[in-house]
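The values are calculated or read from the model by the stated rules, or taken from the named source; none is laboratory data. Keep in mind the model is a prediction, meaning the values are calculated, not measured. Cβ atoms come from the backbone with ideal geometry, glycine included; neighbour counts cover every protein chain shown.
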Amino acid sequence: MRNVFLIFLVLLLLNACDEPELPSRYHAIDVSWQHAQTGFQLTDFNGIPRSLLDFEGKVVVLFFGYTHCPEVCPTTLADLAQVMRLLGADAARVQVLFVTLDPERDNPELLAKFVPSFDPSFLGLYGDAQSTAQAAKAFGVNYTKQYDKHGDYTLDHTDGIYLLGLGGKPLLLAPYGQSAELLAQDVRLLLSNGR
């Protein structure tokens, strides 16, 4: 019986040494267990090469989309602009990044007009087809072209919003349509707990 107790105690202590899970008070989905390859590099609409390491010390809100998106992308960016307003002074510690999934059409000039029209602090990132695919794959973002009878296309794409902690690790995934109020609460929690 004593051996069973000792084994139980050792297992309990080993379990306590693991990195703690995110508290359940978050509204978004905990993805801290995933091992996303966040080392990709893209270019912002000012021509500056960027990686997620450039934003260490800030909560990064990462969304993949495209400027010709008829609904999901502009709605999401409008919601994220509302999040920034709700955060007030804390918004200075947050960086919203919009990664285009459509490098064929989304050139730097178009991104520079589209992305900051929602909030001047937002950055649009682009790359060639290969680097775009690598960045999307790192976060499990899927996208496919859907052509119409005129040869134009839209993109079907994953529409979640990643929240990366202060150290650059993906921690939360908010589904499309999550309210700005709930997103702002999650961002505040990430800022306050130093993750």
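See the values below:
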read-out	value
Among the residues listed as Leu125, Leu163, the single one being in contact with a Leu (Cβ under 6 Å, 6 or more places away or on another chain) and under 20 Å from Glu104 (Cβ atoms)	Leu125
Residue ID - surrounded by the most Cβ atoms within 10 Å (Cβ to Cβ), chosen from residues in region 102-150 that are touching a Ser or Thr at 6+ places or on another chain (Cβ under 8 Å), part of a strand (DSSP E or B) and of a type in the set (Ser, Thr, Tyr)	Tyr126
Inter-residue pairs, beta-carbon under 9 Å, first in contact (Cβ under 8 Å) with a residue 60 or more places away in the chain and in region 35-63, second assigned to a loop (DSSP other than H, G, I, E, B) and among the basic types (Lys, Arg), 6+ apart	Ala36/Lys169; Thr38/Lys169; Val59/Arg195
Number of the exception - Lys169 against (1) surrounded by fewer than 17 Cβ atoms within 10 Å (Cβ to Cβ); (2) out of contact with any His (no Cβ under 8 Å at 6 or more places or on another chain); (3) over 18 Å from Ala28 (Cβ atoms); (4) in contact (Cβ under 8 Å) with a residue 40 or more places away in the chain	(3)
Test for Tyr176: is it assigned to a strand (DSSP E or B) and of a type in the set (Phe, Trp, Tyr)	no
Region 52-70: number of residues that are exposed (fewer than 15 other Cβ atoms within 10 Å of the Cβ) and either of a type in the set (Phe, Trp, Tyr) or within 16 Å of the chain's Cα centre (by Cα) (or both)	3
Odd one out for Ser179 among (1) buried (at least 16 other Cβ atoms within 10 Å of the Cβ); (2) of a type in the set (S, T, N, Q); (3) over 25 Å from Ser51 (Cβ atoms)	(1)
Hits in region 122-154 - residues which are over 15 Å from Gly39 (Cα atoms), in contact with a strand residue (DSSP E or B) (Cβ under 9 Å, 6 or more places away or on another chain) and of a type in the set (A, V, I, L, M)	Leu123, Val141
Selection from region 118-134 of residues that are free of Cβ contacts under 8 Å to residues at least 24 places away in the same chain and either over 19 Å from the mean Cα position of the chain (by Cα) or farther than 22 Å from Val59 by Cα (or both)	Gln130, Ala133
The one condition in (1) at pLDDT below 95; (2) over 20 Å from Ala89 (Cβ atoms); (3) within 15 Å of the chain's Cα centre (by Cα) that Gly151 fails to fulfil	(3)
Test: residue in region 71-85 that is in a loop (DSSP other than H, G, I, E, B), surrounded by fewer than 17 Cβ atoms within 10 Å (Cβ to Cβ) and either touching a residue at least 40 places away in the same chain (Cβ under 8 Å) or not acidic (Asp, Glu) (or both)	no
